[in-house]
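K.L.:
What follows is a structure written as structure tokens; I'll ask about it next.
The values are calculated or read from the model by the stated rules, or taken from the named source; none is laboratory data. Just so it is clear, the model here is predicted, and its values are computed rather than measured. Neighbour counts run over all protein chains shown; Cβ positions are idealised from the backbone, glycine included. SASA here: full protein model, heavy atoms, side chains in, ligands and nucleic acids out. Shrake-Rupley method; radii C 1.70, N 1.55, O 1.52, S 1.80 Å.
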Amino acid sequence: MANTPTTDALALRDMASSFDAQRGRLPVLGDAHRSPEPTAVCRLIADLGELTTQLSDEVLTRATAPDRAPHSHEVITAFASAVEPAGEAVTALGAVNHQLAVLAQTEPSHDHPWVREARESAVHVIEDALATANNALHDAATWLHAASTTLSPPSVRLRAALSRSHTTASTTPPPAPAKTASATAGLPASVRGR
């Protein structure tokens, strides 16, 4: 089956939407409903691993096709360009999991001054890593959306919906971590300490 600009644009849009969805699942410090939990972070890493495999499959399928369409190079480049930020997001989430493990391990002695400093440092690493993952997933989705639009501009109806969602997204900053006396206040009770 030959890929047309329209079918490839749809494939790029679907992949971009998948990255947007993963970005929407990222934990948020200070949000009781989206606080970082090791199991949720592991699921995100696994899902991003699957998306990365899908990206590679899209590149491989097109790169090895005997009857490549004239626009295939742009599509291959778009899918390949999303692999790097996907990897960055996985690496960042790996750092989150590592620091959550540090917090869980140091919970019993959280009152000791050196442990308190280590726990505060872990929280800062988690904040930075979540920001890195957010930016990386945003980059992957943005590049894929841009490539799909280049191949096959969206309908007037879709453009209107996208402009509304981009306007809402750009005017609504992500929630800031809650400022509290404890550096671990935004974390689940299992790693926060008593």
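K.L.:
Dipole of the stretch 1-96, Cα-centred, from +1 at each Lys and Arg C-beta and -1 at each Asp and Glu C-beta, to the nearest 20 debye? Please list the in-between numbers first.
P.N.:
Working: 7 positive and 13 negative charges, 25 e Å.
Here the stretch 1-96 has a charge dipole of around 120 debye.
K.L.:
Follow-up question, since we're still on this one. Can you list residues from other chains, or at least 5 along the same chain, whose modelled amide H is less than 5 Å from the amide H of Ser35?
P.N.:
Val28
K.L.:
Which value, in Å² and to the nearest 10, is the accessible area of Thr53 when all protein chains are kept and the probe is 1.4 Å?
P.N.:
Surface accessible to solvent at Thr53 totals approximately 80 Å².
K.L.:
Using a probe radius of 1.4 Å on heavy atoms only, what accessible surface per residue do you get for the stretch 1-119? Whole Å² is fine. All intermediate terms of the calculation are to be shown ahead of the outcome.
P.N.:
Working: 6270 Å² over 119 residues.
Dividing the accessible area of the stretch 1-119 by its residue count gives 53 Å².
K.L.:
Another question, if that's okay. Could you tell me the center-to-center distance, by alpha carbons, between the stretch 123-142 and the stretch 3-80 in angstrom?
P.N.:
First find each Cα centre; the distance between them is then 16 Å.
K.L.:
Then there's this: How do the peptides 132-140, 65-73 rank, highest first, by the average count of neighbouring beta carbon atoms within 10 Å per residue?
P.N.:
Packing proxy ranking, top to bottom: 132-140, 65-73.
K.L.:
Oh, and also: State the percentage of accessible surface on the stretch 25-119 attributable to carbon and sulfur atoms; use a 1.4 Å probe and exclude ligands, DNA and RNA. Present the calculation step by step, with values, prior to reporting the outcome.
P.N.:
Values: 2980 of 5070 Å².
Here carbon and sulfur together make up 59 percent of the probe-accessible area.
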